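Below you'll find the structure, written out as structure tokens, and then a few comments.
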Amino acid sequence: MSAAEQTRSDIVAMLPRLRRFARALTGSLADADDIVQIAVERALMRMDQYQQGTRLESWLFSITRNAWIDEARSRTRRGKVFAPVEAGEHVGHGGEAEVHAKLEADDVWTAMRKLPEEQREAVALVCVEGLAYREAAEALDIPIGTLTSRLARGREALQIMLGGAK
Amino acid sequence: MSVDDEKLMAFADGELTGADLAEVEAALADDASLREKLEAHREMRARLSSAFDGALTESVPQRLRHAAQTPHQAEVVDFASRRAAKWSFREYGAMAASIALGLVVGIGFLQPAAPLVSTADTGLEARGALSRALDTQLASDDAGAVRIGVSFRNHDGAYCRTFDLTEGGASGVACRSQSNWSIPLIANTAAGGEIRQADASAGILNAVDEMIAGDPLDSEAERAARDAGWR
């Protein structure tokens, strides 16, 4: 298997986690898959920039996050309005995922969407994806101190929105 | 001894070592409220991850697998990234990146007897019917071989226009440079091409977003610009 083939197969293996991360970022099943597709295409275009042996994971998360930032910016520029947070937009594509998300996680999705972008991405990488602070800071290209303060603020806000109890 | 919120959070996330770790452990041992806060951190973390974990067990849509597995892409990576660098726009977005792939296919595709696109020192240029349409055709005109989309000025003040080739199955953006139309972006959308029309349109719109200075020309401004020879 060539290095490129190996990387492609590693990317395929990462798809479920990229989708999870993108859902945490976008709060929408459909947006999440669009973003992942963009990110994967981008990653393949830039495979020459990927250093074999470094963490593919952080690199892909970083590309996914940038794809989302670009998409959000471009939507704003075109005056498209995001689905209102209250509408629970991630629900509405049918299937098991919808039911699951609706019953168990609707409030979490909604609360995540209310966080400022910079806090949401920090929370998504550390609390959802389980990255170490160092890795998350690297993926976001920010100092570790900035990451921890965003993470702390994000969690505090979530705690207030979601309360302590399940 | 006080443990601040960030330190407690770092402890909950398994980030502490050495003296910091010992400090928090000691504080936890004799501070019930701190233990409660720790529990809240852990609970939140568990809740967050379980809210999104569905993605790990659902099957991945075919289009995403396909995007990751298409071997063709890797082989043109170098060419595509060189071109992308040459355009020197900030990031286009991935759709535009995949359009760079389309370019590879597109060039070959657009080389029949009467080429609509040719390579010049500075990149690609419009030729023949495409060049004429860019010169004279308005968005409201009936499309012949070429359909014109939006016209706008880029950050250099040059006029640019989006176009579709109605027969050739390609879409792109052309910008006025001296007496020619240079083509910073073109996508092959023919059947079997790299890119579906919808993706190409989205990619081109993204590129327009990056390139445009101000608003697109309205039909009056478009006509005036054409009458003035796009200068």
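Please compute the modelled spin-label separation between A:Gln6 and B:Ser219, points set 7 Å along Cα→Cβ, answer in nm with one decimal.
Those two pseudo-labels are separated by 6.0 nm.
For A:Val123, A:Val36, what ranking results if the residue with the fewest other Cβ atoms within 10 Å of its Cβ goes first?
A:Val123, A:Val36
Among A:Arg20, B:Arg127, rank each residue by its count of other Cβ atoms within 10 Å, from fewest to most, as a rough exposure measure. Let's see the in-between values first.
Values: A:Arg20 23, B:Arg127 18.
Exposure proxy ranking, most exposed first: B:Arg127, A:Arg20.
Tell me, what HN-Hα J-couplings in whole Hz come from the Karplus equation 6.51 cos²θ - 1.76 cosθ + 1.60 at θ = phi - 60° for each residue of segment B:46-56, using x for Gly and Pro?
Karplus-based 3J(HN,Hα) across segment B:46-56 equals 5, 5, 4, 5, 6, 5, 10, 5, x, 4, 7 Hz.
Taking neighbour Cβ counts within 10 Å as the exposure measure, how do A:Phe61, B:Phe11 sort from fewest upward? List each step's numbers first, then the result.
On the way: A:Phe61 28, B:Phe11 21.
Ascending number of Cβ neighbours within 10 Å: B:Phe11, A:Phe61.
Compute the signed sum of charges (Lys and Arg +1, Asp and Glu -1) over the other residues within less than 12 Å, Cβ to Cβ, of B:Ala158. Before the final figure, lay out the partial values.
Values: positive: B:Arg153, B:Arg161, B:Arg176, B:Arg231; negative: B:Asp156.
Local net charge: +3.
With r as the distance between the Cβ atoms of B:Gln62 and B:Asp227 and R0 = 51 Å, compute the FRET efficiency 1/(1 + (r/R0)^6) and round to 0.05.
Computed FRET efficiency for B:Asp227 and B:Gln62: 0.55.
Any read-out appearing in this document is the output of simple, stated calculations on the displayed coordinates, not a laboratory observation. Everything quoted here is computed from the prediction, not taken from an experiment. Neighbour counts run over all protein chains shown; Cβ positions are idealised from the backbone, glycine included.
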